[in-house]
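Just below is one structure, and these are the notes that go with it.
The values are calculated or read from the model by the stated rules, or taken from the named source; none is laboratory data. The shown structure was predicted, so the numbers you read here are calculated from the model rather than taken from an experiment. Here Cβ is always computed from backbone atoms with ideal geometry, including for glycine, and neighbour counts include all displayed protein chains. Note: areas computed on protein heavy atoms with side chains; ligands, DNA, RNA excluded. Shrake-Rupley method; radii C 1.70, N 1.55, O 1.52, S 1.80 Å.
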Amino acid sequence: MENVLVVKNMVKTFKLSAKQQKIEKTNLKVKVAVNDLSFTVKKGEIYGLLGPNGAGKTTTLRMLATLIKPDSGDAEILGKSVVASPDEVRSRIGFLTSELKLEDFFTPNYLYDYFSALHGVDKAVAENRKRNLFRKFGIDKFAEVKIADLSTGMKQKVSLVISIVHDPDFIIFDEPTNGLDVITARTVTDFLLDLKSQGKTIIISTHIFSLVEKICDSVGIIINGKTVLSGDLKSVVGDSNLEDVFFELYKKEMGEDE
Amino acid sequence: MSNIFIIMKKELKRFFTDKRMLLSLFLPGIILYLVYSLMGNALGGMLSVGEGYKYKIGINVESEYYTDGVFSVLEQSGEIDFEKVVEKDEIKAMAMLESGEVDIFVKYKKGADGKLDEFQVFFNSVSPESTTIYATFAPMLSSMSATPIFSVVPTDTATAEDSSMMIIGMMLPFLMVTFLFSSCMAVATESIAGEKERGTIATLLVTPVKRSHIALGKVAALSVTALASAVVSFIAVITSLPNLMESTAGTGVEIALDLGALEYLSLFAVIVLTVMLFTVLLSIISTIAKSVKEASAYAIPLMVVVMVVGVSGLMGIDFSNPLFCLIPVYNSIACMSAVFAGSLNPLALLCMVVSNIALIALGVFVLAKLFSNENVMFGK
Ligand SMILES: Nc1ncnc2c1ncn2[C@@H]1O[C@H](COP(=O)(O)OP(=O)(O)OP(=O)(O)O)[C@@H](O)[C@H]1O
Ligand SMILES: [Mg+2]
């Protein structure tokens, strides 16, 4: 199968201010968030980036979404470099995270049209897509309610729909089920499977083993900014289970560090 | 290009359909109108002359051929009721004028060859009685001075503090700049620092729209909004000003309110460019700041600079060297004052336009750079 995402030796460091050094309890002036990370994602699969808090998952996904630039290394999404052609990458991907907020003042209907226009989607096509997506997520009843007045779950659904107004072939989703109740979480995971069935490629980040086991085809385990293991879920897990595999690797990785 | 308009449209919708936003944008203008109008009416009431008032006209000679002539003309016209007060001592006469014992003082001077050569007229601009009689009496004297032996030298005995109206007149450009700054500040901090704080700008940054287009769309929308609010304040000042001025007619306040098309155009250019400059500067500040609060705090030093430059523009407006009009803010105030005084130098206007356009262009460039800087947009 063709690789639609190739991550090559990506490194990302952050300069720490005195205040941050205190919070992180370190004397180091720089924090290596992503440390020479490489992995590949095949077309049409759901890839799960699994790691503990602070492993560098969000940082990696932000680099893929071209919001921040790697210090060195690169990644190619659908053949486009995130370093060399960020605008083109952005027009081909959908990026979702709970950090991306919608303006409280506007309605889902208005924001959908606004982002469609910014993505240059044809009006008729956008209208059609909007109708389908709004119906699928039950947003149609709330289409004219201000974002401020929507429930957390409904906000999340609207965010999700708006991030795919341009029908991207590659979707990046940071912590898809974080902070959602079981019903909304289920809607989201069902939707990811639905997108996969449409031939889209998806990369998610999570620290929830069961989510990976349920929906992912491949998994990359990331600890301290490095991929310690990446591959087909079945071959990674083998006869064991994901949690055991993870802790095995985690112990080894932390032991090496000390 | 079209993305700039899409962003601009959304920003404008945000500002012009939000009641709270509208209130904060347009309330200052409305309050200003009310205050100025009330002040004008109050002053107007204070400064009017009572019905049937008997004017006291002071003069330094008992009876002379020419002065008797003047008084008989005044009497015959029947326009006003007056009495003649003779006071030979000029210093005493001035004291009387200030205390209101006389409303006007006419100093008659005989020429060396025995011919009458001068009338000097003193009045007090803070006294409505004095200004009213001056307005009636002075033209009469000047019409009589058609013969070359007459000359009328009006002298105002009012002290500088008395001419508070004059200061209000001079304050107008300064007030205008202050309004422009505060409306720009309200919208820029809300639209940029506010969006950063709430995490909504990141949603915009994951779209393929160019950073420079986002910056331009925002600046354009912010300028239009700030301009609308400033125009409301300005109209408030202009419409309430006649009230204020009427009550102080003849006090020497020189504001040409009947401006011509060219003056209006110049005024418009000054206002638009000032608004855009403030918008760009405050947008840069709001982009660097992480929250509205931080942005407002960062804007204070800028506000102080604007005020200081503004006041210095107010104090020593020097039109002699138009190159001074290369200094931002100072040039706005200087050009506005010049327009009101009807003495705008085209070179000064040109310097103002060139300097502001250059600064705005530079500012937009910096802003676009900041929008593509990840530490600025996503730094913790
Ligand atoms: N802008 C920044 N400045 C300084 N340090 C940062 C910055 N962004 C991330 N970091 C640090 O980089 C490391 C990796 O962060 P990241 O958010 O990528 O982890 P994560 O795997 O997403 O964790 P979580 O599961 O908690 O979301 C953390 O130690 C974090 O504190
Ligand atoms: Mg994270």
Excluding residues on the same chain fewer than 8 positions from residue B:92, give the lysines whose Cα lies under 27 Å from its Cα. B:54, B:56, B:84, B:107, B:109, B:110, B:115
Note on the range A:76-103: residues buried by at least 30 Å² of accessible area once partner chains are added (vs chain on its own, 1.4 Å probe) come out as A:87, A:90, A:100, A:101, A:103
Summed buried accessible area for B+A [probe radius 1.4 Å, Å², rounded to 100]: 2400 Å²
Determine the residues within the range B:1-36 where the difference in accessible area between the chain on its own and the full set of protein chains amounts to at least 30 Å²; count protein heavy atoms only and use a 1.4 Å probe. B:6, B:10, B:13, B:14
Provide, for the range A:112-258, the number of lysine pairs with alpha carbons under 15 Å apart, each pair being eight or more places apart or on different chains. 12
Could you work out how far apart the two model spin labels at residue A:141 and residue A:19 are, taking each label as a point 7 Å from the Cα in the direction of the beta carbon, and quote it in nm? 4.4 nm
Sulfur and carbon atoms: percent of accessible area, the protein assembly as shown [1.4 Å]: 59 percent
Over the heavy atoms of residue A:23, what accessible area does a 1.4 Å probe trace out, to the nearest 10 Å²? 130 Å²
Does the protein assembly as shown come out rounded, prolate or oblate by the C-alpha gyration tensor, with a ≥ b ≥ c the root eigenvalues, rounded set by a/c under 1.5 and, if not, prolate when a/b is larger than b/c and oblate if not? prolate
Full-stretch length increase - residue B:71, residue B:30 - with 0.36 nm per residue and alpha-carbon distance subtracted: 9.9 nm
Rounded accessible area per residue of the protein assembly as shown, 1.4 Å, Å²: 47 Å²
Simple SL model, points at 7 angstrom along Cα→Cβ for residue A:183 and residue B:343; separation in nm is 7.7 nm
List the equivalent ellipsoid semi-axes of the range A:7-135 in whole Å, largest first, each obtained as the square root of 5λ for an eigenvalue λ of the Cα gyration tensor. 33, 20, 14
Please give, to one decimal in nm, the separation of the simple spin-label points placed at residue B:53 and residue A:2, each 7 Å out from Cα toward the Cβ. 9.4 nm
Estimated FRET transfer efficiency (residue B:22, residue B:239; beta-carbon r; R0 25 Å; 0.05): 0.80
